[in-house]
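Trainee: Attaching a single structure in structure tokens format; questions to follow.
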Amino acid sequence: MTWSVDTLRHVAAGVVVLSYLGLCAGTWRLHRARQAKAERAVAALAPAVAGTPPVLVLHASQTGTAEQIALQTAQALHRAGVPVRLCSLSQLQPDELRATERALFIVSTYGEGDAPDAAAAFVRRAMNPNRPLALDGLHCGVLALGDRSYQHFCGFGRTLDAWLQQRGAQALFDRIDVDQGDSGALLKWQHEVARVAGTSDLPDWQLATPFEPWRLAARHHLNPGSLGGPCFHIELAPPIGSAVADWKAGDLVQVLAPGDPHKPREYSIASLPADGRLHLLVRQERHTDGTLGVASGWLTDQTQLGDEIALRLRAHGNFRLGENAQRPLILIGNGTGLAGLRAHLKARAAAGAKAGAAWLVFGERQAAHDAYYRDEIDAWLCSGVLERVDLVYSRDTPERRYVQDLLREQTDRLRAWVAGGAALYVCGSLAGMASGVEAALIDALGQDGLDRLIEQGRLRRDVY
Ligand SMILES: Cc1cc2nc3c(=O)[nH]c(=O)nc-3n(C[C@H](O)[C@H](O)[C@H](O)COP(=O)(O)O)c2cc1C
């Protein structure tokens, strides 16, 4: 049998495609196998052995880093044969801590030196000065995650550490502060964990997933003429054969710009893996001297279509739907915060009729320029994915109106949705919006009502 050149070309192309698909399937299986292994490892963490109390490994995390390090810490102790219990500070009762002999705390800091939302219940219950807790029997270590560019560097870690000492706990070693994932500080933590385990040869852990070369596949300026800074819809194509192009609504990415290669910048993901590309909504920052922000300038101005962007995915457990997947959702945000809310709406649309109702409250400056993804929002309203939409444009009215003002006007509706089991997801600016929304929620639901929502995991925040 003789084959023409064309036939041979087709056969060769088929072989290449099949090999590529095989490679993708292989890397995907590898990824799933790693995930499954990690899940099995958590399940296998040794329960308390009679007579040997477990080391408590406690975490308070907003975007997942502390939780991830806590998991690795617990796994390392477990491998060294130490009974260990891994748990979020929010699940810990004061009495359990009083009865504990050894605990390792891994905590981050949010807001302005505050505890992450996941630790709010612990702060209220256990760190309450009116009910001082005696911790004389406790030996503990604290890993404080933070970022030195904030005024209150590792604020919650420091407060927690001071409180533990005040309550009589003995430090196993000096608190370790970590500035933006500093590897030296994390190595120090690994050594201290090895000492707690009574061994000098715990294998080093891989603390961070590597950055990968994604490609800039599309970029659109969404708001020409706006009074606000330029905002861009950006699409990134995954690296070929990537094993990690898998994320959930609510997750984040970290981007490394060549102008500042040690300090990754975080952005909320605005799409789902099913979209085939990772979407970001990025505001181009401009400093007073006219220069562009390092990462936003890189993403929105200095790169061309097809260029590589060093990026890694960050699971953001606190902002995923998780156990709220079937609840009604109130999605509240402003500016580029629409990114995280858009991913949730896409997930709702994909889940179809079985998902609950959703209400979007979104604020920007001018309807004529800043109505991002308006067609999609209208389509979701038509199809019933969204039951209600309130768009608030602060510069379109003589008096400035923001999402928090809208929530105040809609107090009855807000209470009814919360009474109906709704979960609230807030995404956008920390300055102004997040505190304004919190104040409006306290006015509508009372401080206790808000605390209950946080404890039940029904108030989730991705604010920056
Ligand atoms: C909105 C926001 C506020 C933050 N506030 C502080 C702060 O006041 N002090 C600090 O040291 N770090 C602050 N950080 C940095 C985080 O603590 C740091 O990124 C940490 O590694 C996050 O850990 P996690 O993923 O476990 O929450 C803040 C981060 C964000 C996004």
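The values are calculated or read from the model by the stated rules, or taken from the named source; none is laboratory data. No experiment lies behind these values; they were computed from the predicted model shown. Note that each Cβ is placed from the backbone with ideal geometry, even for glycine, and that neighbours are counted across all protein chains shown.
Trainee: What pairs come up if the first residue lies in the stretch 444-464 and is within 16 Å of the ligand (Cβ to nearest atom), the second is of a type in the set (Ser, Thr, Tyr), and their beta carbons are under 6 Å apart, counting only those six or more places apart or on different chains?
Mentor: Hits for this filter: Arg460/Tyr425; Asp462/Ser268.
Trainee: So which of Leu331, Leu386 is under 26 Å from Glu438 (Cα atoms), hydrophobic (A, V, I, L, M, F, W, C), touching a helix residue (DSSP H, G or I) at 6+ places or on another chain (Cβ under 6 Å) and surrounded by fewer than 24 Cβ atoms within 10 Å (Cβ to Cβ)?
Mentor: Leu386
Trainee: Could we say that Leu160 is more than 16 Å from the ligand (Cβ to nearest atom) and either surrounded by 16 or more Cβ atoms within 10 Å (Cβ to Cβ) or assigned to a strand (DSSP E or B) (or both) here?
Mentor: No: the conditions fail for Leu160.
Trainee: Check Glu308, Glu285 and return the single one that is of a type in the set (Asp, Glu) and within 16 Å of the ligand (Cβ to nearest atom).
Mentor: After ruling out the rest, the residue left standing is Glu285.
Trainee: If you go through the stretch 248-288 one residue at a time, how many are assigned to a loop (DSSP other than H, G, I, E, B), touching a Pro at 6+ places or on another chain (Cβ under 6 Å) and in contact (Cβ under 8 Å) with a residue 60 or more places away in the chain?
Mentor: Qualifying residue count for the region: 0.
Trainee: Being assigned to a helix (DSSP H, G or I) and either of a type in the set (A, V, I, L, M, F, W, C) or within 16 Å of the ligand (Cβ to nearest atom) (or both) narrows it down to one of Leu313, Leu338, so name that one.
Mentor: Leu338
Trainee: Next question, about the same structure. Can you name the condition, by its number, that Glu266 falls short on among (1) surrounded by fewer than 17 Cβ atoms within 10 Å (Cβ to Cβ); (2) at pLDDT below 90; (3) under 27 Å from Asn334 (Cβ atoms)?
Mentor: Of the numbered conditions (1) surrounded by fewer than 17 Cβ atoms within 10 Å (Cβ to Cβ); (2) at pLDDT below 90; (3) under 27 Å from Asn334 (Cβ atoms), the odd one out for Glu266 is (2).
Trainee: Surrounded by 19 or more Cβ atoms within 10 Å (Cβ to Cβ) and more than 16 Å from the ligand (Cβ to nearest atom): is that true of Leu86 in this structure?
Mentor: no
Trainee: Now, a different point. In the stretch 40-76, which residues are aliphatic (A, V, I, L, M), at pLDDT 90 or above and more than 14 Å from Ala119 (Cβ to Cβ)? First the steps, then the outcome.
Mentor: Our first condition is that a residue be aliphatic (A, V, I, L, M); within the stretch 40-76, this holds for 41-46, 48-50, 55-58, 60, 66, 69-71, 74, 76.
With at pLDDT 90 or above added as a condition, the list becomes 55-58, 60, 66, 69-71, 74, 76.
Correct list: Val55, Leu56, Val57, Ile69, Leu71, Ala74, Ala76.
Condition check ((1) free of Cβ contacts under 8 Å to residues at least 40 places away in the same chain; (2) out of contact with any Asp or Glu (no Cβ under 8 Å at 6 or more places or on another chain); (3) not assigned by TED's automatic domain parsing to the domain that holds Pro224) across all residues:
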| position | (1), (2), (3) |
| --- | --- |
| Ala347 | no, yes, yes |
| Ala350 | no, yes, yes |
| Glu364 | no, no, yes |
| Asp378 | yes, yes, yes |
| Arg395 | no, yes, yes |
| Gln404 | yes, yes, yes |
| Thr411 | yes, no, yes |
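Trainee: Further question: Output the qualifying pairs, or none if there are none: Cβ atoms under 8 angstrom, residues six or more apart or on different chains, first residue in the stretch 113-128 and farther than 18 Å from Tyr464 by Cα, second residue surrounded by fewer than 20 Cβ atoms within 10 Å (Cβ to Cβ) and of a type in the set (Phe, Trp, Tyr).
Mentor: The qualifying pairs are Met127/Trp163.
Trainee: Here's something else I'd like to know. Could you list, in sequence order, the residues of the stretch 136-164 that are in contact (Cβ under 8 Å) with a residue 12 or more places away in the chain and either outside the structural domain of Tyr110 (by TED's automatic domain parsing) or aliphatic (A, V, I, L, M) (or both)?
Mentor: Those that are in contact (Cβ under 8 Å) with a residue 12 or more places away in the chain and either outside the structural domain of Tyr110 (by TED's automatic domain parsing) or aliphatic (A, V, I, L, M) (or both): Leu138, Val142, Leu143, Ala144, Leu145, Leu160, Leu164.
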